[in-house]
Amino acid sequence: MNLIKKLLLVPCIFTVARMADAQNVKPRFKELTVVAYVPNDSTKKLAVTINIYYHINADGIIHIIMNQMDPLNYHGKPTKYTGLVRDTTYQLADDVIGNINKIFNGERKLSSYMIRPIRTTGTSLILPATFISYVALNGATDKMVFGNDFFGRDMNLTLNEIYFARQARVLRSTGVYHDRALEAEILKDHLACKCIPIAETPPTVKNLPIKKYK
């Protein structure tokens, strides 16, 4: 009987030890928000819709909300959503937090990681675009909007730790998720930013110029 108790006690101790270890690495920021968003001018008035929302707090807990897009939607048409929302919250692993801390630590401005020259109009933007906002431990804030091809390897590897986090699993039929205050902030920065081009609808085949050969 004593042997059985000892055997049952070992996995319990191991589990508690693992839970304690999971809290060893803390974020070097108070909060971090990353939003994949889609600017949509189908109503003749530019608006922003959240595609995927990621939020990491000071304890390293990530909250992910994803608006499920209409699978029948295709390139060249306004983005449509099904009204289904996926949602999940969980504790990030130490190694993931450590990798995120390499960038989001208050030591450099986000814009300093850009490797491509500033562009304004005349080029189509591959959507969705991305909005980042974070608060460093010292209270300093930084944010920007960008296209994913504007950063170098270090930033992209760090963002991948967030993008490829566990997918939101809980499916709720609540209608399209909106955070109006956040969407208004993103839209304001999207219109003011000079680091991404204005999205343009590609021409259809029938509207392409046809060159005649003799």
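The values are calculated or read from the model by the stated rules, or taken from the named source; none is laboratory data. These numbers come from a predicted model, not from an experiment. So basically every Cβ, Gly included, is an ideal-geometry build from the backbone, and we count neighbours across all protein chains shown.
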Query - Candidate set from the range 92-117 (those that are out of contact with any Ser or Thr (no Cβ under 8 Å at 6 or more places or on another chain) and of a type in the set (Lys, Arg)); member that is farthest from residue 143 (Cα to Cα) - result: 116
Query raised in the report: Pairs, please: C-beta under 9 Å, at least 6 apart or cross-chain, first residue assigned to a loop (DSSP other than H, G, I, E, B) and in the range 64-75, second at pLDDT below 90 and among the aromatic types (Phe, Trp, Tyr)?
Result: 70/81; 73/81
Query - Unique match (being modelled with pLDDT under 95, in a loop (DSSP other than H, G, I, E, B) and within 21 Å of residue 51 (Cα to Cα)) among 126, 118 - result: 126
Report task. Any residue in the range 46-62 that's surrounded by fewer than 20 Cβ atoms within 10 Å (Cβ to Cβ): show its pairings with residues that are part of a strand (DSSP E or B) and basic (Lys, Arg) at Cβ separation under 9 Å, as long as the two are six or more apart or on different chains. Result -> 57/30; 58/30
Requested in this report: Tell me, yes or no, whether the range 88-100 has at least one residue that is within 14 Å of the chain's Cα centre (by Cα) and at pLDDT 95 or above.
Outcome: yes
Query raised in the report: Being assigned to a loop (DSSP other than H, G, I, E, B), modelled with pLDDT of 90 or more and over 23 Å from residue 175 (Cβ atoms), is that true of even one residue in the range 27-48?
Result: yes
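Inspect the range 69-79 for any residue being at pLDDT 85 or above and either more than 18 Å from the chain's Cα centre (by Cα) or within 27 Å of residue 182 (Cβ to Cβ) (or both) and give the result as yes or no. Walk me through how you get there before you give the answer.
At the first step, the residues of the range 69-79 found to be at pLDDT 85 or above are none.
No, there is no match, as no residue in the range 69-79 is at pLDDT 85 or above and either more than 18 Å from the chain's Cα centre (by Cα) or within 27 Å of residue 182 (Cβ to Cβ) (or both).
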Report summary line: Apart from one, (1) in a loop (DSSP other than H, G, I, E, B); (2) touching a Pro at 6+ places or on another chain (Cβ under 7 Å); (3) at pLDDT 60 or above all hold for residue 176; the odd one out is (2)
